[in-house]
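Novice: Pasting in a structure now, in structure tokens, and then I'll have a few things to ask.
Derivation of every value follows stated rules applied to the coordinates shown; laboratory data play no part. Fair warning: this is a prediction, and the values are worked out from it, not measured in the lab. Heads up, the Cβs are rebuilt from the backbone with ideal geometry, glycines too, and the neighbour counts pull from every protein chain shown.
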Amino acid sequence: MEIKVCVDKKTELMGVLLLISDYGKLYPELVEVCHNEEYREKVYKHFAAFKNEKAVKLLNEICNKLNFCYDAPIALILQLDENFKFDALLPYPFEERLESSNLVIEFLNELPHFVEVSRFEEFYNSNQKFYSKILEETERFINPDMIEEFFNEFYKMDISTKFVINLLPHSTNGNYGVGPKGEIGCNLGAKEVDGKLAFVWDDVGDLFVH
């Protein structure tokens, strides 16, 4: 089994959008601070000027009208390719949680434009040192056998494919999603507890720690 630990740019984009949209007003506990105040301030400083972009307005509608919380944002964004585009969407969460709403399609189609005008990739690339610091520490805690056992027993899933652990420097709580090539993304917000790395979703976090 291949395990890749990363800060995925697609889920990081979603994290940015959740912070500057109405999402945090509706679900403040899902965008909690996890020893990342300086990074969050960078996000606000860079992206606040783009709160009126169409993608953010559509996201506000989605947040207020649909069941778009917890795992739904990340499960959805993982289905895009590296250019933030998609050919088709899996039933979950698009059909099962989001009512196959055209708002979702409109929102996803606006993302490449938002990425361009907000210079998101420039921001993402400029923070690689910050991401790397978290990644280096986190990789020491990854236990492949426990990950495989958890998904086989709890979800009855065969995870012989690539497994991506995404750190989400801002929290959406712990969850997972499936990418366009079948890879499984496990999304865990990292935080520090008693000088050691822990995860926002502690019950699942325990399964990933030696």
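Novice: Find out how many positive minus negative residues lie around GLU61, taking Lys and Arg as positive, Asp and Glu as negative, among other residues whose Cβ is under 13 Å from that of GLU61.
Specialist: -1
Novice: Taking the simple approach of a point 7 Å from Cα along Cα-to-Cβ for both LYS57 and GLU29, what is their distance in nm?
Specialist: 3.3 nm
Novice: At 7 Å along the Cα-to-beta-carbon direction for both ALA88 and LEU135, put a label point, then send me their distance in nm to one decimal.
Specialist: 3.2 nm
Novice: While we're here: When the chain is fully extended, how far beyond the present Cα-Cα distance does CYS6 get from LEU66, taking 0.36 nm per residue of separation?
Specialist: 18.7 nm
Novice: Distance cut-off 21 Å, Cα to Cα: go down the list LYS10/LYS133; LYS10/LYS65; LYS10/LYS129 and report the pairs above it.
Specialist: Beyond 21 Å: LYS10/LYS65.
Novice: Would you mind getting me the FRET efficiency between ASP81 and ARG119? Use the beta-carbon distance for r and R0 = 30 Å, nearest 0.05.
Specialist: Working from the Cβ atoms, E equals 0.90.
Novice: Turning to a different aspect of this structure: How much net charge surrounds VAL115 when only other residues with a Cβ under 15 Å from its Cβ are counted (Lys, Arg +1; Asp, Glu -1)?
Specialist: -4
Novice: How would you rank ARG40, ARG119, going from fewest to most other Cβ atoms within 10 Å of each one's own Cβ?
Specialist: Ranking ARG40, ARG119 by Cβ neighbours within 10 Å, fewest first, gives ARG119, ARG40.
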